[in-house]
Structure formats: structure tokens, C-alpha cells
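**Student:** Have a look at the structure that comes next, please.
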Amino acid sequence: MPESLEIHVLLIQIAAILVAARICGEIALRAKAPPIIGEMCAGIILGPSLFGWIEPNAVLSFLAEIGIILLLFEVGLETDLERLVKAGPQAAIVAVAGFVLPVVLGSACAYWLFDLSPIVSLFIGGTLTATSIGVTIRILSDLGRHRSLEGQIVLGAAVIDDLLGVFLLAVLYEFTASGSVTLANTGQIMLYVGGFFFLAPIVAKILSPLFKRYHDFSDLPGMIPIVLVSMVLVFASLAHGVGAPHLLGGFVAGIALSRRFFLPFGAALQVDPEFTKRIHDQMRPIIQLFTPIFFVVVGLSLDFGAIDWSESFIWVFSLGMGAVAIIAKLLAPWLIKVPVPMRIAIGMAMVPRGEVGLVFAELGRSTGVFDATVYAGVVLVIAYTTLASPFWIKKYYEQYGKRLP
């Protein structure tokens, strides 16, 4: 095992991440900033951007992945599916517009204004399509708006956005690897993902009465966390297996076990609301333990020390593409019929790129599409949208929140 991954080093790193996340989150909260900002700043402080004490590694990335999967499970558990379905058409419009506009505007600006090649421009446009479900939902949860109408539209749009991003990512990756794209492979991914989203909630709903019956029968404590975490991880693995992001598996599992999810056939498979509450109460400490790791690792991934700050291209490119990234997402909700304050709130909530954008950027770097300068500029764009969004969203709700239903 490499020196950096020795067990005693990892234990100290995990302890440092948890403590730093808590301290920085508390400082952010007392400064009237969203706690998520403190957690991401903890990663920037500990990581290569500042002190360089901790570098991202496979184990920390794995723990972070569990954190975001469990966070989306909790979001699914608390989601009012009826409102999510009602918001479906509006969410779909926002998602498609929020996908198409960044691709078109981002690719066009990269190609025409910065004289980059078509494939590099498409990769940049693809990176700008991302919406970080984890960052966005955490911001809305901290503000108590994740169950609101705009929260449900944002959640639905972000899920669709992620799926569209996965399809684009698969197409671009296939093109860089083979120089061509086959419709069969793209269609296969779409078919697998659609099948997963249709079947997974039904399977989870059928299994849930068995969980409840075993829980009532067993005298051994800890059944709910063990069974539920296992199920969520299996669903996450299945989601990845069909070509969807891991975290959507957690979201689907949470939706299926929520109080408001009902199958088309029979009330017999409905979960007791009291049992659902127990699930939530017993899972919350585990979610609160793992979730900060994810946001700290996002901060660790932003290596500001690798950027040549004296190079003018970095500033012009990152600020220009950052403006495009923000404007494209803000324009998307103007295609739906909701009050103007809600359109602005939805657009702002769709801006953070977070971990999803970093996945695109890393793929561009690892395949040789991005050189070091372009990669650094793209990372800066992701940093602008991710770190600034909690501030302006919180400020907006303080000023105009009363105008929202």
C-alpha cells in the first residue's frame, strides 16, 4: 500500500476532515453564511490549495461518494412525490433548457471567442451543463426550502440534468476513445437508465414491508440502519451499472420508502408512516456523519495552487465562461409559467456545478482533451459557481423569500 494510503495516515485524515468540517461549518453558521461553505473551505484549507496536508485519494473519494448517496437518500425520503410529479413537466422544461443552453453557449464561446478546437469546446460546454444535486439540495435544505414548489422543480430538473449530462459524457468519451459515436450504445444507456428508474422503486416498495416485519420481530438493535444502508448501496451500484450516477440510486431508494410513494397496485405494500419516521430518525446520524466528508472532498479537489495566476488567459477565460455558466442556468426557468421571483430562485439554485462539473473536467484532463491551462480555467469556473451560490441564494431568500409560495 502506498505511503499516502497507509491505515494510520487515513485515520488521521478522516479525523481531520470531520473536525475541520465541523469547526468551519460552525464558523460559517455564526458568520451567517451557509454551513456548506465552511465545509468546502475546510477542504480548501486542508488540501493542495493551501496547506497541502491532505490530497484526494481513492478512500476519501469513496467515503465522499457514500456521503452524497446517503444525502440523496434522505432527500428522497423527505420528497413529496405528488408535488414532484406535478412539477415534472416544469422540471423537465427547466432541465432541458438548462442542459441545451450551457452546451450551446459554452461551446460557442469557447470555439469563437477563445479559439479552442471543436472537441475541447464541446467538453467545456458539457462541463457547464452540470448541476450539483448534492450542493443545491444542501443549500435549499439549510434554508428549509427543499420541500417547496421551487425546491421540487429544482430537484426534478437536477436529476434530469444529471441524466442528460451522463448521456453527453458517454457520447463524448466514446468519441475521444474511438473517434466515432454509435447510436446503439447511446440508446442502450438510455434504455438501461429508464428501466432502472421504473423498476427500482417498485422493488424497494415490495421489500419494505419485509423490513418492517423483521424489525418488529427482531430484538437485536440497529436493524434499520444496517438494512437501509445496505439497500441504498446496492441501489447505487445498480444505478452505476446501468449508466446513471451512483447518487441517483440513493435518491430512488429514498423516494420508494417515503411516506408519500404509492404503487399503482394495492395499499397493502404501503409503509407505515410511523415506521418511515423511525427510518428517518435512525438514519439521520449516519447521514450527518458522512455528508460533510463529501463537501470537504469537493474543496480538496479544487487545487488553486496548480493555477498560474499571472497568466491573463486564466482570468479572461474563467470569468468569461463563468458568466456564461451562470447566465445559461438563470435563463432556463424563464420558459415555465411561475412567478418571476420563483424563476430567479430556480435559476440560481441550478447554478452550482460542484462534483458533477469536476467529473467532466477530470475526464477532459485524463483523456488529454484539456491541457493544463484550460483544465485550470474550467476548475475555476466550477469553483466560482459552487462557492458563490450558497451566498447569493441565501441573500436572495432573505430579501425575496416572502414573495415565494
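**Student:** Determine if the stretch 379-390 includes at least one residue that is over 18 Å from residue 102 (Cα atoms) and open to solvent by less than 10 Å² (accessible area, probe 1.4 Å).
**Tutor:** Yes: one or more hits.
**Student:** Mind listing whichever residues of the stretch 119-155 are open to solvent by 10 Å² or more (accessible area, probe 1.4 Å) and within 30 Å of residue 367 (Cα to Cα)?
**Tutor:** 119, 120, 122
**Student:** Do any residues in the stretch 379-402 that are touching a residue at least 12 places away in the same chain (Cβ under 8 Å) and closer than 22 Å to residue 324 by Cα have Cβ atoms under 7 Å from those of residues that are of a type in the set (Asp, Glu) and surrounded by fewer than 19 Cβ atoms within 10 Å (Cβ to Cβ), where the two are at least six apart or on different chains, and which pairs are they?
**Tutor:** From the stretch 379-402, no pairs qualify.
**Student:** Could you tell me which numbered condition residue 396 fails, if it satisfies all but one of (1) aromatic (Phe, Trp, Tyr); (2) under 18 Å from residue 303 (Cβ atoms); (3) open to solvent by less than 30 Å² (accessible area, probe 1.4 Å)?
**Tutor:** (2)
**Student:** So, one more: Within the stretch 29-48, take every residue that is modelled with pLDDT of 85 or more and assigned to a loop (DSSP other than H, G, I, E, B) and give me the one that is surrounded by the most Cβ atoms within 10 Å (Cβ to Cβ).
**Tutor:** Checking each candidate, the answer is 47.
**Student:** Looking at the stretch 387-405, which of its residues are closer than 15 Å to residue 140 by Cβ and within 16 Å of the chain's Cα centre (by Cα)?
**Tutor:** Residues satisfying the conditions are 389, 390.
**Student:** What are the pairs with Cβ atoms under 8 angstrom where one residue, in the stretch 102-122, is touching a residue at least 12 places away in the same chain (Cβ under 8 Å) and over 13 Å from residue 320 (Cα atoms) and the other, located anywhere, is open to solvent by 70 Å² or more (accessible area, probe 1.4 Å) and assigned to a helix (DSSP H, G or I)? Sequence gap at least six, or different chains.
**Tutor:** 103/122; 119/175; 121/111
**Student:** A further question on this structure: Output the number of residues of the stretch 119-168 satisfying the condition of being under 12 Å from residue 351 (Cα atoms), hydrophobic (A, V, I, L, M, F, W, C) and assigned to a loop (DSSP other than H, G, I, E, B).
**Tutor:** 1
**Student:** Out of (1) surrounded by fewer than 23 Cβ atoms within 10 Å (Cβ to Cβ); (2) of a type outside the set (Val, Ile, Thr); (3) closer than 24 Å to residue 113 by Cα; (4) touching a Gly at 6+ places or on another chain (Cβ under 9 Å), what's the single condition that is false for residue 370?
**Tutor:** Condition not satisfied by residue 370: (1).
**Student:** Then there's this: Just to be sure, is residue 65 open to solvent by 20 Å² or more (accessible area, probe 1.4 Å), acidic (Asp, Glu) and not in a helix (DSSP H, G or I)?
**Tutor:** For residue 65, the condition - open to solvent by 20 Å² or more (accessible area, probe 1.4 Å), acidic (Asp, Glu) and not in a helix (DSSP H, G or I) - is not met.
**Student:** Next question, about the same structure. Do any residues in the stretch 207-226 that are more than 22 Å from residue 66 (Cα to Cα) have Cβ atoms under 9 Å from those of residues that are among the hydrophobic types (A, V, I, L, M, F, W, C) and loosely packed, with under 10 Cβ neighbours inside 10 Å, where the two are at least six apart or on different chains, and which pairs are they?
**Tutor:** From residues that are more than 22 Å from residue 66 (Cα to Cα), the pairs are 209/268.
**Student:** Within the stretch 325-363, count every residue that is surrounded by fewer than 24 Cβ atoms within 10 Å (Cβ to Cβ), in contact (Cβ under 8 Å) with a residue 60 or more places away in the chain and part of a helix (DSSP H, G or I).
**Tutor:** The qualifying residues number 8.
The values are calculated or read from the model by the stated rules, or taken from the named source; none is laboratory data. Since this is a predicted model, take the numbers as computed values, not measurements. Note that we place each Cβ from the backbone using ideal geometry, even for glycine, and neighbour counts take in every protein chain shown. All accessible areas refer to the heavy atoms of the entire protein, side chains included, with ligands and DNA or RNA removed. Shrake-Rupley method; radii C 1.70, N 1.55, O 1.52, S 1.80 Å.
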